[in-house]
Every structure is written in C-alpha cells, then in structure tokens.
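Report on one structure; see the data block that follows.
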2 protein chains.
Amino acid sequence: MEQYKIVIDLLGSDKGPETVLLGASLAIKEHPELFITLVGPEALILEKKDELSLDMSRIKIINASETITNYENPYTGIMNKPQASLVLAMKEVGKEEENYAGMITAGSSGAILMGSFRFLSDENKTRPCMAAVLPNGAGSFTCLVDTGATIDCTSGQLHAFAKLGSDLMKKMYHIDNPRVALLSNGAEPTKGNHLVKETFPILSEDKEINFVGNVEGNNALSGDCDVLVCDGFAGNQILKSTEGMAKRIITDIVVLSKKKNRPEFMEVVQYLMKTYDISALGGGILLGTRKIIIKARGNSDERAILNISKMLMNHASGEAVFSNKERQEALN
Amino acid sequence: MEQYKIVIDLLGSDKGPETVLLGASLAIKEHPELFITLVGPEALILEKKDELSLDMSRIKIINASETITNYENPYTGIMNKPQASLVLAMKEVGKEEENYAGMITAGSSGAILMGSFRFLSDENKTRPCMAAVLPNGAGSFTCLVDTGATIDCTSGQLHAFAKLGSDLMKKMYHIDNPRVALLSNGAEPTKGNHLVKETFPILSEDKEINFVGNVEGNNALSGDCDVLVCDGFAGNQILKSTEGMAKRIITDIVVLSKKKNRPEFMEVVQYLMKTYDISALGGGILLGTRKIIIKARGNSDERAILNISKMLMNHASGEAVFSNKERQEALN
C-alpha cells in the first residue's frame, strides 16, 4: 500500500484548533495509508489523543502556538514570526526528503501567499494564484483562477494562471484538454477591460492552452469552460456574488416554507444545499508552488478537513478527485 | 390632470417593433395622462392602430426604419446614421420646448452611450453611466452603478457615479440620505484594487455623499447599501453572475420537480421567478444626461415596456417608483 504524507496547520481556523484536529483524526481513521504532521499546540494534541483514538504511530507533532492573523500585515507576519504555525508548516512541507503530498491551512490568505513566495517558490519563481474549483451547471467543475491572491494583475500573470489552472484540471480532474476562457463583459473578442483585451491575443497564441475565448458573468459557472481566468478582484466578485445569491435564495425558500407552513419545501432546500455546498468540496487551492497548499475556509468543519485530506491524497496518487459520474450520482 | 410626454424607440428590440408597440399601446390605455412619441416604422404603426385601439390624439409618429446594431461601432453608427431611430429619438427627447419626461429604447448600449454624449450631455459634460436598480435581500432596492457603460474607469468617474446613483435613489425611491458603498474584495478600508483604494478617500471626504465604506461581492445585494459603486467591468460581473446563479437555481428546481414528480415544487419556482424577476423592474437607467433614458433589455416584452413607461412618469412627477411597503406586499 502506497503511503501519503500531508501537513496540517491546526491554527488559524475560526472554529479553533480542536475542530481541525477532529478533522485530522477522521482522516487518519478512514485512511490507513495516511501520515499526518500536525503543526499546532502539542499540549492540546496530547490531551485529546485518547479521546480521539489517534494512532500516534502515523502522527508527527511540531509544536506551535503563534498565529498570523487577518489583521496584521502578511509580509511582516511571515518575516517576524518564525515560530508561527503557518511558517513552521510551510518549512516542513517544503522539505524534499520528506516527500509530502501537500498541506492544509485555514490561515490568513495574505500570509499564505507571502509564505509561499518565501518558502515554496518553484524554480521559475511563478507568482502563485488561488484557484477555486466550483460545481458548474453542466454537472462538472470549473476552475476559477485567481480568486483573490493577486488583486491587480498583468496580462503575463493571467497567462501564467491559465497554464496553472489548466494543469490542475488535467491532473486533479483528468480532463485531457481543458477549455480555458477569459472572464469578460461580452463574449466577442473585442469586449473587455484593458487587461482582458491585452490578455486575449496572448492566450490565443499559446498552443499549449486550449483557449476558447471570452465568457460573460452569467455563464461563468455554466460549464462552457473548464478554467476561467481573471484577475483576483473580478474572481473574488464572481466567487462571492454567486455564493451570496445561492445563500439568499436558499434563505428565501426556508422563510417561504415556514410562512406558508409547507414543510415539503425544505426538501428543495436540502437539495440546493447539497448541490451548492461549495465548502464541502474544500477551499481554495494555491497553485504555482512546489507543494500544493489547500486553504480551508476559516469556518471549515471537521468534514471539510477530511475532504481536503482526500483531495491531497488523490492529487498525489494521480486519481481524479471527482469524476463527472460520481458528481451526477451524488446529486441524484 | 398633469400630462406626461415620453419618447419610445420602436427599433432595436430582439422581439421586433411589434412588441414594443404593443407595450406602448398598453401604457397609453392605462394612463390617460400619457402622451407618447413613437420613433419607428410609420407604416407598421398605421397598420396596427385599429387592432391595438391606439388613441392617435395622444400619439406622435416620427418615421424611422434604420437601426444601429450591436455589431457595428457605436461611434460611427451615431455619426453616420442620422436617420437611425435611436438618433431621431434622442434628438426629439432633447428638445427643451417639448418637455419630455424621458425616453425608452432597447437599442445597443454602446450606441446609447455615444448618442447621449452627442445629443444629451448636461451642462457639466458629465460622463453618463448605466445604473441597474435591483431588489435586495432587505426587501428594498440597491442601485448598482456602473453596470457596463464605462469598462475601465478613473476614480473621478466613480466619484461622479456615486453622486448620480445617490441622486437617483433620492428622487426615484425617496431615500433621504442614500448609503453609498464601494464594491471591493474585502470590507476593510485597506482592501481593493488600485482603483478602489484611490476612490475610497475621495468618497470619504465628500460630505454630500453618505459613504459607508467597502462592501464585498457576497453582500452586493444584501441591502447594506442603497448605491453600490464600481467600474463597468466589475458591475457587469455582479449583474450577470447573480442573475446567472438565480436562473440556474430556478432551472435546477424545475428539473427536480419533474424528475421526482413533485408538482408542488413549482410553487417555489413561481415565488422565485416573482422575487428575482429583474426584467419586470425595467432595464438599465442611463444617468448623467439632460433627460433620463431607460434601456429596456433586448428581450423585453410588452409588460416591461409598460413598467418602464410608468417609471418615467413617476420620475417626472416625483412619486417614488416602488415603496418598501409595496415591494413587501408584492412578495407576499
């Protein structure tokens, strides 16, 4: 049986290190081939190990109690807090001799980006980007990149993001020739802001990318492309506004069900929660680094940590994370 | 009884001039105080006048058969087609002695913007912007501006849009001190792309605007602000991606209802269609011109034309278009 090693940063989650530790314990129970390096308060891990029946032969602990918060400057945080759990986790996952599959953290996005520059840059010094792989209307997945790691981008950066997103969809979702599109305000090649107009010919000319042109916001997640490229500002708007709309509609139906005393409408709510539950699929994926880093959402529960652990193992083993068929079955 | 005069451009709609004419006939029947100048094929109007029982004493016809399409350059279209219905309509609505309340067109957005520069600029030569007034999660309305008229913007333009949006919400929706927010990738004042960071202090310092700070995409339409300011690229993404998500969820429920043979789920669909039917509220509103221009969507039906006619009359009379109470009742 092949073995997989991953690093989990216990700190930085809104729900506290206990929840992340619980998620790690579920992963290690479910996967006998998994080895986890936990970076966080050693005392807490030792206190909980019996209660969680942790198999300590497959767990390594790196003690850490310091964090870099969302409220501090990511650069100074990374430089001035060498004992922060995120810094220790990144140094650990970067050790080539350890051969880790990747790491999971719920820490500050800015600090993850800065830390990845400092400790996990690849040989080309690629600027990492944050991808979100989202369920689309065609029953498969679309990789949205960048979702907010780089707010103001150059056309060269968008070109790099297109390649990184394309590689991810090949490797993680087994799509042979991923269709790459540019987010724009119109489908025609003449539409777009300065950045989009400058990037369009660059993507058109790169024969290693299967560029299919511009896609508008209403089709961002319709399944017309496998990779949707945009700057971090626009990507953040797409990610958050579609999620905001889904939440609002679900809330509306809950209110309607109560007000009209129609409990059967809650079945629609259950269905939508399953279909549009982005968090269950894991968080953002940092691309362009030597080791894959998955940022769990700040409010991730133990199931999310378990799911992300599986994603890392699948990525390392070359197995597809979800096939279209699996997704269709999950929705039926 | 006070009289109101409006101009309706019959051409440019995906559904053809017959549908726009039908909408105009509904408006004139419902509102004895309304006078309409129809700009379009005279032969068609005369052919249909008996069938539609048009009161010709309140209708003026300006014959036009030429249009500026979405596929031609808006600037050359406006300059080289003096007989286009849009050009004739704009010249007509601009006649001060006629005292029009405004105009309706389903024509090309680019041509509307160009034509408004040429024929309807105000004394300050304000750059017009396209606003969308959208139902928000708090049961009232949020004015999103710009939604795509100016794709790349300066901070000075965003400042102008903030004032125009604020004026609209005061005049058309009777909000005393509209809360103005900037669309950003985080709520903190330090978040944003270059444009947002540059605009933030300008809006903060303008005492005539009730600036409440940054709003993220997930709260774009939650009702935290009355006016949401952004460049046309980002506004287009918010407008289209939220609409795309709403349509997708509604389609999903229709499929679920059929597949599971649960016809009662269609009541949820009916409710959502009513709540999220943006088109029934009219189209985009061009602000910053001497006369208000409402762009009906290309696929507007006759009810949309009727609703927009009412909006123009309300705007002229100083009556609120929709009160919060009316909206709440409409949803019950």
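Is there a residue in region A:307-324 that is within 14 Å of another protein chain (Cβ to nearest Cβ) and modelled with pLDDT under 80? Checked against the condition, which is being within 14 Å of another protein chain (Cβ to nearest Cβ) and modelled with pLDDT under 80, region A:307-324 yields no hits at all.
The single residue among B:Asp167, B:Asp176 that is of a type outside the set (Gly, Ala, Ser), more than 8 Å from every other protein chain (Cβ to nearest Cβ) and assigned to a loop (DSSP other than H, G, I, E, B) turns out to be B:Asp176.
Screening A:Phe233, A:Phe211 for residues that are of a type outside the set (Ser, Thr, Tyr) and assigned to a strand (DSSP E or B) leaves exactly one candidate, A:Phe211. Among residues of region A:13-25 that are open to solvent by less than 10 Å² (accessible area, probe 1.4 Å), those with a Cβ under 9 angstrom from a residue that is assigned to a helix (DSSP H, G or I) and modelled with pLDDT of 95 or more, sequence gap 6+ or separate chain, pair up as A:Leu21/A:Leu44; A:Leu21/A:Ile45; A:Leu21/A:Lys48; A:Ser25/A:Lys48. Within region B:214-230, the residues that satisfy the criterion of being in contact with a Cys (Cβ under 9 Å, 6 or more places away or on another chain) and either assigned to a helix (DSSP H, G or I) or not hydrophobic (A, V, I, L, M, F, W, C) (or both) are B:Asn219, B:Asp226. When A:Asn236 is tested against (1) facing chain B (nearest Cβ under 7 Å); (2) without any contact (Cβ under 8 Å) to a residue 12 or more places away in the chain, exactly one condition is not met: (2).
Exactly one residue out of A:Ile68, A:Ile59, A:Ile78 is under 25 Å from the mean Cα position of the chain (by Cα) and over 22 Å from A:Gly298 (Cβ atoms), and it is A:Ile59. For residues that are facing chain B (nearest Cβ under 8 Å) and open to solvent by 10 Å² or more (accessible area, probe 1.4 Å), scanning just region A:221-232, find the one that is farthest from A:Arg297 (Cα to Cα). Step by step, filter region A:221-232, then rank; the result is A:Ser222.
Among residues of region B:177-190 that are touching a residue at least 40 places away in the same chain (Cβ under 8 Å), those with a beta-carbon under 6 Å from a residue that is surrounded by 13 or more Cβ atoms within 10 Å (Cβ to Cβ) and of a type in the set (D, E, K, R) at least six positions away or on a different chain give the pairs B:Pro178/B:Asp226; B:Arg179/B:Asp226. Of the residues contained in region A:148-165, one or more are found to be aromatic (Phe, Trp, Tyr) and open to solvent by less than 10 Å² (accessible area, probe 1.4 Å). Against the condition of a type in the set (Val, Ile, Thr), surrounded by fewer than 24 Cβ atoms within 10 Å (Cβ to Cβ) and within 19 Å of the chain's Cα centre (by Cα), how does A:Ile209 come out, does it pass? Against the criterion (of a type in the set (Val, Ile, Thr), surrounded by fewer than 24 Cβ atoms within 10 Å (Cβ to Cβ) and within 19 Å of the chain's Cα centre (by Cα)), A:Ile209 does not qualify.
Listed by position, the helices (runs of 4 or more DSSP H) enclosed by region A:8-86 that each have at least 2 residues that are closer than 19 Å to A:Lys310 by Cα are A:17-30. If you go through region B:94-108 and keep only what is in contact (Cβ under 8 Å) with a residue 60 or more places away in the chain and open to solvent by 20 Å² or more (accessible area, probe 1.4 Å), you end up with B:Glu98, B:Asn99.
The values are calculated or read from the model by the stated rules, or taken from the named source; none is laboratory data. No experiment lies behind these values; they were computed from the predicted model shown. Cβ sites come from the backbone with ideal geometry, for glycine too, and all protein chains shown count toward neighbours. In case anyone asks, the SASA skips ligands and DNA or RNA and just uses the protein heavy atoms, side chains included. Shrake-Rupley method; radii C 1.70, N 1.55, O 1.52, S 1.80 Å.
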